[in-house]
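Trainee: First the structure, then my questions, so here it is.
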Amino acid sequence: MLRIVVLVKMVPDVSQLRFNPETNTLIREGVKNAINPFDRRAVEAGVIMKEKEGGQVVTVSMGPPSADEVLRSTLAAGADRAVLLTDPAFAGSDTLATSTALSMAVRRLGFDMVLGGVSSVDAETSQVIPEIAQLLEAPLVTNARSIEVNGSTITVVRDFEEGTETYEVEPPAVLSVNEKINHPRIPSEEARVKAVQMPVERWPASSLSSDMSLFGASGSPTFVKSLFDASYQRRPVIFDGRNDLPSAASKCLAEVGRLLAEAPSEAVDMSRATEPKPVWVVVMAGSQEARTAQEVMGKVRGLGLTAVAVIAPDVVEDLVADSAKAGAEEVLRLSVPSGTPSAFVDAMALRQAIERDRPFAVLIPSTVKGREVAGRLAASLRLGLTGDATDISLHRRGDLIQVKPAFGGSVMAEVISKTSPRMATVRPGVFPLLSFAPGQPSVRSLETKPSASADAKLVLRTVRMGSRGGDLDRAKVIICGGFGVGSLEAFQSLESYATGMGAAVAATRKVVDAGWAPPQAQVGLTGRSVHPLLMVEVGVSGSANHYIGLRRARLVLSVNSDPEASSFRYCDVGLVSDLVPALDALEDGLRNLAFSIERTK
Ligand SMILES: Cc1cc2nc3c(=O)[nH]c(=O)nc-3n(C[C@H](O)[C@H](O)[C@H](O)COP(=O)(O)OP(=O)(O)OC[C@H]3O[C@@H](n4cnc5c(N)ncnc54)[C@H](O)[C@@H]3O)c2cc1C
């Protein structure tokens with residue numbers, strides 16, 4: 001009998017949110033709320049497991065009384081019991097305060113498995129589930145695409161940037177699921193009527209702890225200093241190529257070239273630290289992690305801070321020379337006596353080193369593994385953590401401002417930590433890889449002794465050849481194929497077309513679902529957010545769920561045979577044409593543009 005607790009969050013429909021530049025706030029009036037799409041899949045995963053193995057599914061949410069509706073939808077989808085943590089004391093909770101309240105509720109309920117969505121589409125931190133695992137002292141696997149229970153073993157396959165990993169874990173365990181885990185059922189009318197009659201329990205903060213300082217704003221070690229608008233305002237210019245394609249294509253390219261020439265280069269941050277405080281940049285095993293750490297080191301140096309490369313225990317290569325070239329002035333190599341490497345071991349080794357040296361800040365790559373390490377570490381030290389920062393800068397009083405997208409990239413939030421060291425995970429590809437004159441960084445070693453834990457056991461790792469996830473984070477030019485491309489073969493031709501001009505390839509969800517492209521290539525609400533200078537969309541209808549992922553693309557060129565397609569409403573430049581002749585007509589011009597973008601920006 002499995003006791004499954006599923007954590008769910010009520011989120012606004014981020015595609016409807018607008019920013020008010022006068023008040024610097026989001027306009028929420030009239031915006032519908034719904035269950036976070038990943039959490040809906042977590043509920044379905046829990047219900048499927050219950051149906052197979054027996055047991056009970058309890059859904060838990062923290063939010064205002066109106067979140068009742070979301071919990072009721074989980075009862076209609078097959079949950080047995082629903083609990084809403086609702087109390088004014090929870091208002092203003094950041095990631096840690098939220099994780100604290102939810103983990104206390106889970107403990108009170110008792111559990112064999114905690115399930116949640118990999119992230120919420122409004123806050124986009126991916127940190128709550130790792131923090132909860134740490135607070136519950138339980139093994140963790142995030143980003144699961146399948147979960148199988150066999151007796152007392154849970155087998156979890158999860159996606160990571162370069163492929164898939166299979167883990168085995170014994171209950172109790174904490175798991176987060178991604179978009180691929182299932183297609184949630186549509187509840188029957190009978191189930192909906194039954195759910196209306198079922199109670200949603202309301203638990204106040206006092207039912208979890210007598211210490212109210214753990215919750216809400218007082219229990220939150222980070223605060224949002226300000227919000228600012230991050231999306232580009234687009235004024236579509238559409239060229240109709242149905243009668244004279246060569247002429248329309250050449251006008252289209254000229255317009256793209258003109259807009260690109262007007263686009264400002266990336267802003268250069270000029271504020272520099274007056275004292276070189278140490279910032280630890282964690283270097284973990286994995287090519288995405290190592291490369292991202294190197295990008296971050298250059299940025300830290302540029303701010304006038306001391307970049308310290310902290311090499312995690314499971315890194316086997318000698319990265320001292322690479323780190324120095326990327327900007328590290330010091331290297332701290334962590335080791336553990338023995339044992340299997342895991343995110344838990346990395347986090348606990350880092351914890352001991354931080355307790356000893358107390359750096360100014362700790363920055364960790366925002367990858368699947370990096371987020372597990374960061375969440376565990378932050379929860380264990382009760383530190384503020386900004387998830388998925390896309391920029392860092394210095395406040396004039398010397399504090400570190402961590403900038404992160406929120407609400408589907410419709411706003412950027414500037415976050416400041418009240419605790420020290422400041423902590424953030426940093427998205428891959430947001431800073432250029434800089435090259436410094438090779439120096440001789442001081443190298444120190446520290447043997448740490450992480451406490452033993454029953455962490456999930458990695459049993460298989462499959463690295464996909466030519467996996468494109470990382471490319472998309474860094475690409476300056478992306479060609480995104482939609483279902484209009486027509487077939488797997490046609491999508492493969494599009495890939496050759498794109499790679500031939502040095503562009504990365506992305507896809508819509510429909511294309512990924514059809515198996516023409518890997519999940520890492522999906523752009524949108526439940527895929528990734530990209531920020532190239534030029535995004536070319538071909539055969540894409542332009543749903544809001546897709547468009548959210550390209551709000552931060554500087555320029556969007558859309559090709560579609562349907563003049564009424566929504567993609568023509570959110571692009572900068574559009575070409576109405578069948579995509580095959582259009583791509584031929586655009587090829588030389590696009591290649592030249594891609595080449596000049598790579599050379600100049
Ligand atoms: C909770 C949720 C989350 C979602 N998350 C995402 C997400 O992250 N990313 C995402 O992409 N989607 C997401 N979706 C799905 C999204 O709503 C759309 O269904 C999807 O993006 C449509 O994909 P498409 O544009 O490729 O296909 P279609 O909607 O089928 O559009 C194909 C387009 O191609 C055009 N076309 C056809 N033939 C040609 C031709 N020969 N030449 C030129 N044009 C042609 C058609 O006019 C049409 O506009 C999500 C949906 C939900 C409910």
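Trainee: Tabulate in residue order the Karplus-calculated ³J(HN,Hα) for the range 312-324, using 6.51 cos²θ - 1.76 cosθ + 1.60 with θ = phi - 60°, rounded to whole Hz; enter x for Gly and Pro.
Mentor: In residue order, the calculated couplings are 5, x, 8, 7, 9, 6, 8, 9, 4, 5, 4, 5, 5 Hz.
Trainee: Okay, moving on. If amide hydrogens are placed 1.01 Å from N in the peptide plane, which non-local residues have theirs closer than 5 Å to the one on G163?
Mentor: Under 5 Å from the amide H of G163 lie the amide H atoms of R464, each far enough along the sequence or on another chain.
Trainee: Suppose every K and R has +1 on its Cβ and every D and E has -1 on its Cβ; what is the size of the dipole of the range 23-64 about the Cα centre, in Debye to the nearest 20?
Mentor: Value, rounded to 20: 80 debye.
Trainee: Mean separation of Cα pairs under 8 Å and 6+ residues apart, divided by the residue count of the range 278-460: what relative contact order is that in percent?
Mentor: Computed over the range 278-460, the figure is 29 percent.
Trainee: Given 0.36 nm per residue, what is the gain on full extension from L433 to R272 after removing their alpha carbon distance, in nm?
Mentor: Separation in residues times 0.36 nm, less the Cα-Cα distance, equals 56.1 nm.
Trainee: Using a 7 Å offset from Cα along Cα-Cβ at M1, what residues in the range 35-70 end up with backbone N under 12 Å from the label point?
Mentor: Output list for this probe position: 54-57.
Trainee: Could you list R351, R41, R192, R242 so that the one with the fewest beta carbons within 10 Å of its beta carbon is first and the one with the most is last?
Mentor: Arranged by neighbour count, lowest to highest, R351, R41, R192, R242 become R242, R192, R351, R41.
Trainee: Next up: Taking amide H positions as placed in the peptide plane 1.01 Å from N, state which residues far from W203 in sequence (5 or more) or on other chains have amide H under 5 Å from it.
Mentor: Under 5 Å from the amide H of W203 lie the amide H atoms of L84, L85, T86, each far enough along the sequence or on another chain.
Trainee: Would you pull out the residues with amide H under 5 Å of F19's amide H, same chain only if 5 or more places away, H placed 1.01 Å from N?
Mentor: Sorted by chain and number, the residues that satisfy this are I27.
Trainee: For the chain, what proportion of DSSP beta bridges, expressed in % and rounded to the nearest 5, is antiparallel?
Mentor: Given both bridge residues lie in the chain, the antiparallel proportion sits at roughly 35 percent.
Trainee: With +1 on each Lys and Arg Cβ and -1 on each Asp and Glu Cβ, and nothing else charged, work out how big the dipole of the chain is about its Cα centre, in Debye to the nearest 20.
Mentor: Around 960 debye, computed over the chain.
Trainee: Also: Charges only on Cβ, +1 for Lys and Arg, -1 for Asp and Glu: so what's the dipole of the range 2-220 about the Cα centre, in debye to the nearest 20?
Mentor: Once rounded to the nearest 20, the dipole reads 600 debye.
Trainee: Find, to one decimal place in angstroms, the Kirkwood hydrodynamic radius of the chain, where the mean of 1/r is taken over every pair of different Cα atoms and then inverted.
Mentor: One over the average 1/r among Cα pairs gives 25.0 Å for the chain.
Trainee: Looking at the square roots a ≥ b ≥ c of the eigenvalues of the Cα gyration tensor of the range 2-220, which shape do they give, rounded for a/c under 1.5, prolate if a/b is larger than b/c, or oblate?
Mentor: Taking the square roots of the gyration eigenvalues as a ≥ b ≥ c, the range 2-220 is rounded.
Trainee: So what is the relative contact order of the chain, in percent, for Cα pairs below 8 Å that sit 6 or more residues apart?
Mentor: That works out to 15 percent.
Trainee: Which loop trypsin sites (Lys or Arg not before Pro) in the range 356-436, with loop taken from DSSP, have no more than 15 other Cβ atoms within 10 angstrom of their Cβ?
Mentor: Passing both the DSSP loop test and the Cβ count: R382, R396, R397, K418.
Trainee: Out of the range 112-146, which GluC sites (Glu not before Pro) are coil in DSSP terms and have no more than 14 other C-beta atoms within 10 Å? Could you put the intermediate results ahead of the total?
Mentor: Numbers: sites: E124, E131, E137; in loops: E124, E137.
Here the GluC sites (Glu not before Pro) that fit, given the DSSP loop and packing criteria, are E137.
Trainee: Further, regarding this structure: Each label point is 7 Å from the Cα along the Cα-to-Cβ direction; what then is the distance between the points at N592 and V459, in nm?
Mentor: 5.7
Trainee: What is the distance in Å between the Cα centres of the range 87-141 and the range 285-301?
Mentor: About 28 Å separates the Cα centre of the range 87-141 from the one of the range 285-301.
Trainee: So, R0 is 22 Å and r is the distance between the beta-carbons of R185 and N33; what FRET efficiency does that work out to, to 0.05?
Mentor: About 0.60, to the nearest 0.05.
Trainee: A follow-up question, please. Less than 25 Å apart at the alpha-carbon level, and either on another chain or at least 8 residues along: which lysines does that give for K325?
Mentor: Answer for K325, where 25 Å is the Cα cut-off: K277, K299, K369, K476, K601, listed by chain and number.
Trainee: Cα centroid distance between the range 521-553 and the range 144-176, in Å?
Mentor: 29
Trainee: Using the Karplus curve 6.51 cos²θ - 1.76 cosθ + 1.60 with θ = phi - 60°, work out ³J(HN,Hα) for each residue of the range 164-176 in order, rounded to whole Hz, and write x for Gly and Pro.
Mentor: 10, 10, 10, 10, 10, 8, 9, x, x, 9, 10, 10, 10
Trainee: Still on this structure, please answer the following. Counting other beta carbons within 10 Å of each Cβ, put S451, S99 in order, fewest first. Display every interim value, and only then the final one.
Mentor: Numbers: S451 10, S99 28.
Sorted ascending by nearby Cβ count, the order is S451, S99.
Trainee: Give, as ranges by residue number, the residues of the range 70-94 whose backbone N falls under 15 Å from the point 7 Å along Cα→Cβ of A217.
Mentor: Once the point is set 7 Å along Cα→Cβ of A217, 88-94 turn out to lie under 15 Å by backbone N, inside the range 70-94.
Trainee: Output ³J(HN,Hα) for the range 81-98: one whole-Hz value per residue in order, computed from phi by the Karplus curve 6.51 cos²θ - 1.76 cosθ + 1.60 with θ = phi - 60°, and x for Gly and Pro.
Mentor: 8, 9, 10, 10, 7, 9, 5, x, 5, 8, 4, x, 5, 8, 4, 5, 5, 5
Trainee: Listed here are the pairs K9/K225; K50/K510; K52/K457; which of them are more than 26 Å apart at the Cα?
Mentor: The pairs that break the limit, which is 26 Å between Cα atoms, are K50/K510.
None of the figures in this text is laboratory data; all of them are computed from the coordinates on show. Note that the coordinates shown come from a computational prediction; the quantities given were computed from them, not determined experimentally. When we count neighbours, we look across all protein chains shown, and the Cβ atoms used for this are built from the backbone with ideal geometry, even at glycine.
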